[in-house]
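Have a look at the structure below before the remarks.
The values are calculated or read from the model by the stated rules, or taken from the named source; none is laboratory data. Treat the numbers as computed from the prediction; the structure is a model and nothing was measured. Cβ atoms come from the backbone with ideal geometry, glycine included; neighbour counts cover every protein chain shown.
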Amino acid sequence: MTSGTAAVPGRLTIEPRFHPTLGLAEFAALLTPPADAVSRFEAAFADAFGASAAVAFPYGRVAQWAFLRALGIDDAEVIMPAYTCSVVAHAVVLSGNHPRFVDISLDDYNMDLARAEAAVNARTRAIIATHTFGYAQDVDQLDAIAQQAGRRYGHRVWLIQDCSHAFGATWRGRAVGTVGDVAIYAFNISKILTAIFGGMLTFQDAALAHRVRTWRDQHLAPASWHKGIQRRLYLLGAAAAFHPTLYGLTWWLQERTPLLNRLTRSYHLDEAIRFPPDAAQQMAPVEAAVGMVQLARYDAIIAHRRRRAAWYNDHLEAPDGWIKPPLRDGATYSHYVVRVPDRRRVVAEYAARGVHLGELIQYSIPELAAYAAYRVECPNAALASRATVNFSVS
Ligand SMILES: Cc1ncc(COP(=O)(O)O)c(C=O)c1O
């Protein structure tokens with residue numbers, strides 16, 4: 001057996017591709033969240049991740065969009081990796097800007113910084129650096145690229161770190177997100193910490209945070225009671241769907257019926273550049289209350305992920321052609337990602353043995369039809385999108 005937990009030999013039971021780390025405290029938090037839960041979560045989050053202020057949003061993508069809008073960045077180029085969640089590119093386009101895609105390095109799936117530097121031009125106003133799968137990028141080099149671009153072109157080039165896979169990951173001992181202008185975190189159910197949905201921006205500069213918060217409060221409505229109810233039901237549904245004893249049914253519905261895809265369509269469509277219908281409502285207090293509980297579990301969650309990654313590193317059988325990911329100090333392992341020569345076959349074989357492997361991320365964004373206007377050749381991103389599987393570290 002090659003997985004960290006025992007596989008179950010029946011097809012009605014299958015080990016989930018991830019399990020949200022939820023306990024009784026998260027369910028208790030659904031009952032009576034305090035009215036000021038969002039501002040409490042912001043303060044606790046800033047404190048936990050070394051920021052002077054944090055500003056909450058309904059989604060990570062909305063946080064990123066709002067930052068660009070609040071700063072009046074428009075019709076500019078935003079440098080970003082070709083291999084990241086498609087919604088990062090959606091947020092750039094919806095903000096009125098243009099993604100400039102940069103290929104990744106196959107060592108750690110992060111944006112290739114030499115190529116990022118070469119892509120900077122007079123229209124560049126921001127660089128989004130995703131610390132993909134929890135591997136910290138060289139934040140000193142990123143900062144230097146942004147500063148140098150600013151000097152060369154006579155305007156600020158903002159460094160936006162996307163820490164959605166890398167809460168608290170460190171680069172040479174310093175937490176990512178504490179360097180640069182702003183950091184983004186996303187809290188959907190598949191993330192290291194969840195707040196049901198939701199996103200957060202963190203800042204070192206309190207005046208900048210104040211400016212973005214003011215913009216948010218002018219442009220996003222308070223969460224409706226309906227949203228609060230819907231989020232509670234979603235968490236209960238997701239906890240059931242990813243529970244090991246019920247996951248066989250979830251998997252069957254996903255593989256054999258269009259039902260789950262229909263349910264999640266409005267939330268995430270790689271090919272449709274739009275936001276979910278409730279994107280203009282702020283984070284709900286109930287989401288913040290769950291986020292607070294998760295924050296208190298952070299150390300245990302990360303320690304567990306690191307142990308699991310080390311276990312796979314030591315024990316996962318890697319036939320010829322398999323490439324395991326690096327083990328790095330400070331990495332948070334949002335996913336344990338392996339490159340395999342024939343993904344379809346490997347996924348089918350593992351499913352037959354009772355383990356559902358994840359297949360994240362299945363596209364290189366510039367290859368998506370919706371991004372035909374921004375197409376550039378990114379061979380490493382294309383390879384990663386076709387050849388990676390991920391093993392559960394949760
Ligand atoms: C790397 C990365 N950045 C940003 C986001 C956006 O998060 P959200 O779904 O909250 O908009 C995601 C989403 O999964 C992501 O994986």
For residue 271, state whether it is acidic (Asp, Glu), assigned to a helix (DSSP H, G or I) and either in contact (Cβ under 8 Å) with a residue 60 or more places away in the chain or in contact with a Pro (Cβ under 8 Å, 6 or more places away or on another chain) (or both).
-> no
The range 221-237 - residue that is within 16 Å of the ligand (Cβ to nearest atom) and either among the aliphatic types (A, V, I, L, M) or outside any helix (DSSP H, G or I) (or both) and, of those, surrounded by the most Cβ atoms within 10 Å (Cβ to Cβ) | 235
Give the range 257-285 a look and list any residue that's closer than 23 Å to residue 45 by Cα and within 16 Å of the ligand (Cβ to nearest atom), or say none.
-> 279, 280, 281, 282, 283, 284
Of the conditions (1) of a type outside the set (Ser, Thr, Tyr); (2) in a helix (DSSP H, G or I); (3) surrounded by fewer than 21 Cβ atoms within 10 Å (Cβ to Cβ), residue 63 clears all except one; give me its number.
-> (3)
Of all residues in the range 132-165, count the ones that are within 14 Å of the ligand (Cβ to nearest atom) and either aliphatic (A, V, I, L, M) or over 22 Å from residue 376 (Cβ atoms) (or both).
-> 9
Within the range 166-180, how many residues turn out to be among the β-branched types (Val, Ile, Thr) and within 16 Å of the ligand (Cβ to nearest atom)?
-> 1
Among the candidates 146, 76, single out the residue that is crowded, with 19+ Cβ neighbours inside 10 Å, of a type in the set (Gly, Ala, Ser), under 26 Å from residue 174 (Cβ atoms) and more than 22 Å from the chain's Cα centre (by Cα).
-> 146
May I ask you to say which residue of 150, 198, 134, 96 is out of contact with any Lys or Arg (no Cβ under 7 Å at 6 or more places or on another chain), of a type outside the set (A, V, I, L, M, F, W, C) and without any contact (Cβ under 8 Å) to a residue 40 or more places away in the chain?
-> 96
Top-ranked residue of the range 317-339 - restricted to ones that are in contact with a strand residue (DSSP E or B) (Cβ under 7 Å, 6 or more places away or on another chain) and under 17 Å from residue 18 (Cβ atoms), ranked as nearest to the ligand (Cβ to nearest atom) | 335
Only one of 308, 262 is in a helix (DSSP H, G or I), of a type in the set (Lys, Arg) and free of Cβ contacts under 8 Å to residues at least 12 places away in the same chain; which?
-> 262
Would a scan of the range 207-220 turn up a residue that is over 28 Å from residue 14 (Cα atoms), within 16 Å of the ligand (Cβ to nearest atom) and at pLDDT 95 or above?
-> yes
Filtered residue count, the range 61-96, keeping only those that are within 14 Å of the ligand (Cβ to nearest atom), under 18 Å from residue 208 (Cβ atoms) and small (Gly, Ala, Ser) = 3
Inside the range 307-327, can you point out the residues that are over 22 Å from residue 85 (Cα atoms), surrounded by fewer than 18 Cβ atoms within 10 Å (Cβ to Cβ) and under 22 Å from the mean Cα position of the chain (by Cα)?
-> 307, 310, 327
Of these, 183, 195, which one is touching an Asp or Glu at 6+ places or on another chain (Cβ under 9 Å), near the ligand (Cβ under 10 Å from one of its atoms) and closer than 30 Å to residue 391 by Cα?
-> 195
